[in-house]
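Structure record follows, encoded as structure tokens.
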């Protein structure tokens with residue numbers, strides 16, 4: 001019996017596409033050598049039983065037939081105009097791979113010629129394959145084209161690359177490198193989402209550095225990976241996560257995250273992995289610190305998405321930037337993705353031209369469909385600016401309200417900041433400070449301790465409870481300055497959110 005199982009390799013998928021009589025195929029990738037090899041393999045498979053030719057073109061080398069050796073490229077066809085005229089005039093069916101043809105797609109004559117070639121496919125089966133890091137097709141060609149995405153190396157391929165790099169090192173040194181099996185497993189997982197040549201380069205760098213693969217290699221490898229995946233500058237790797245021991249209050253949020261840790265890290269596969277949380281609340285009450293603490297509890301890196309850097313004046317660019325950033329976040333999984341002050345990015349304003357709505361739509365689609373181990377922590381201060389679609393039930397696993405700290409939370413927060421700065425205050429005095437700081441946010445309590453240090457230093461005296469109390473007396477907290485707005489926010493959150501503490 002013949003093997004009827006479909007070929008799900010990249011070459012097999014592309015072969016199916018080529019065999020479906022598509023006249024124009026677009027492949028966006030920076031891995032030109034790997035893509036070219038996949039296209040060549042797929043084209044040769046699709047060619048079997050047919051009188052096809054397989055060609056590759058570049059502006060530097062001209063047209064070269066790659067399925068048989070004809071003794072070199074046709075340099076006379078190096079210019080796009082001569083190339084397209086040749087393809088249109090030929091009666092030989094074939095697959096023509098055009099490398100970096102994208103700069104020429106704004107020429108009306110070239111666009112018309114490509115359209116003629118595509119529409120004449122029934123008369124002569126000629127398929128154009130455009131390969132470049134980015135291809136923006138004119139509207140008149142878009143409906144004639146099919147786009148093909150080359151998947152990143154899977155786990156088995158990454159593992160094979162690590163082993164190959166180890167053998168390469170052994171050939172030069174006379175012995176295999178020292179390898180920690182658990183580190184290799186972590187390394188293979190951490191290399192996910194990178195193109196093949198980057199996997200090879202980072203693996204070679206780790207092994208050839210000291211002839212070993214140990215825990216010490218994982219940190220530099222992760223840092224290098226984040227740099228590679230953040231070419232657009234919209235994601236930032238936050239190396240300093242936190243522990244909930246460094247956060248005063250928020251006990252309910254901490255308990256909620258701990259309950260879902262096993263589902264997130266895969267140790268409880270029978271449970272659905274959590275999507276993430278939306279943290280609403282008063283400014284300065286610890287939402288950003290909670291995002292860092294969530295990464296610390298889950299034991300994964302923290303990645304921050306800068307929504308402001310996504311926006312572009314060009315139509316469609318902002319949504320594309322968002323999709324690329326979210327794709328990079330998926331490649332960085334497992335991680336916590338922190339979206340700070342999300343309302344500023346997704347609320348439509350005057351002169352917006354619909355950009356914010358399109359960005360919101362792209363984000364909500366990704367939020368519903370993504371399956372990578374990416375835990376979202378979105379923070380917001382102004383609930384009135386949030387689109388209703390974002391806060392409806394099911395978008396996030398839960399919506400928590402981070403209120404002004406309770407007396408117990410204020411006691412903890414003051415203790416954390418005093419301990420961090422080597423300030424010794426007795427427990428009764430600390431309780432008294434917590435009692436007299438009603439309405440203060442966590443950030444304001446921290447600033448009171450910091451200001452007390454400056455005052456004590458200026459007076460050449462140690463910091464005392466009285467010094468901190470003086471700073472509290474001199475401060476008008478946000479809950480007083482913006483009392484009406486905070487009361488309104490609290491009233492809204494009472495029936496619609498879960499208290500974080």
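All of the numbers you see were taken from the coordinates with simple rules; none came from a lab. These numbers come from a predicted model, not from an experiment. In this analysis, Cβ positions are derived from the backbone assuming ideal geometry, glycine residues included, and neighbour counts consider all displayed protein chains.
Could you state the angle between the C-alpha long axis of helix 442-458 and the longest principal axis of the C-alpha atoms of the chain, as a value from 0 to 90 degrees rounded to the nearest 10? It works out to around 60 degrees. What 222 nm value per residue comes from the helices of the chain, counting each DSSP H run with n ≥ 4 as -39,500 (n - 2.57) and dividing by all residues, nearest 500 deg cm²/dmol? Calculated at 222 nm, the ellipticity per residue is -15000 deg cm²/dmol. Length gained on full extension, residue 227 to residue 82, computed as 0.36 nm times the residue gap minus the Cα-Cα distance: 48.1 nm.
Which whole-number percent gives the relative contact order of the chain, counting Cα pairs below 8 Å spaced six or more residues apart? Result for the chain is 12 percent.
Here the label points at residue 19 and residue 492, each 7 Å from Cα along the C-beta direction, are separated by 5.7 nm in the simple model. Between residue 208 and residue 429, the contour length at 0.36 nm per residue exceeds the alpha carbon distance by 73.8 nm.
Looking at segment 10-147 only, what percent of DSSP beta bridges run antiparallel? Nearest 5 please. Here the share of antiparallel DSSP bridges comes out near 20 percent. Helix 407-420 axis versus longest C-alpha principal axis of the chain: approximately 70°, rounded to the nearest ten. Computed FRET efficiency, Cβ-Cβ of residue 344 and residue 218, R0 41 Å: what is it to the nearest 0.05? So the FRET efficiency works out to roughly 0.70.
Checking the a/c ratio against 1.5 first, then a/b against b/c, what shape does the Cα gyration tensor give for segment 407-481? Here segment 407-481 falls in the oblate category. Label reach from residue 391 (point 7 Å along Cα→C-beta): in segment 465-494, amide nitrogens under 12 Å belong to 488-494. Label positions at residue 134 and residue 422, each projected 7 Å from the Cα along the C-beta direction, are separated by 5.1 nm. Peptides 187-194, 19-26 ranked from most to least packed by the mean count of surrounding Cβ atoms within 10 Å: 187-194, 19-26.
Each label was represented as a point 7 Å from its Cα along the Cα-to-Cβ direction; for residue 59 and residue 384 these points are 5.4 nm apart.
Each DSSP beta bridge with both residues in the chain is either parallel or antiparallel, and the antiparallel ones are about 20%. Packing-based ranking of 130-141, 28-39 yields 28-39, 130-141, ordered from highest to lowest mean Cβ neighbour count within 10 Å.
The gain in end-to-end length when the residue 68 to residue 146 segment is fully stretched comes to 25.4 nm, 0.36 nm per residue minus the alpha carbon separation.
So if we plug the beta-carbon distance of residue 41 and residue 180 into 1/(1 + (r/R0)^6) with R0 = 35 Å, what FRET efficiency do we get, rounded to 0.05? After rounding, the FRET efficiency stands at 0.50.
Indicate the gyration tensor shape class of segment 10-147 (rounded, prolate or oblate), computed on the Cα atoms with a ≥ b ≥ c the square roots of the eigenvalues: a/c under 1.5 is rounded; otherwise a/b larger than b/c is prolate and the rest oblate. It is rounded, given that a/c, with a ≥ b ≥ c, falls under 1.5. Shown is the FRET efficiency for residue 119 and residue 164, computed with R0 = 45 Å from the Cβ-Cβ distance and rounded to the nearest 0.05: 0.50.
Rounded to the nearest 10 degrees, the angle from helix 218-229 to the longest Cα principal axis of the chain is 60 degrees. The candidate values were (i) 47, 27, 19; (ii) 56, 28, 20; (iii) 51, 22, 19; the one computed from these coordinates for semi-axes √(5λ) of the Cα gyration tensor in Å carries the label (ii).
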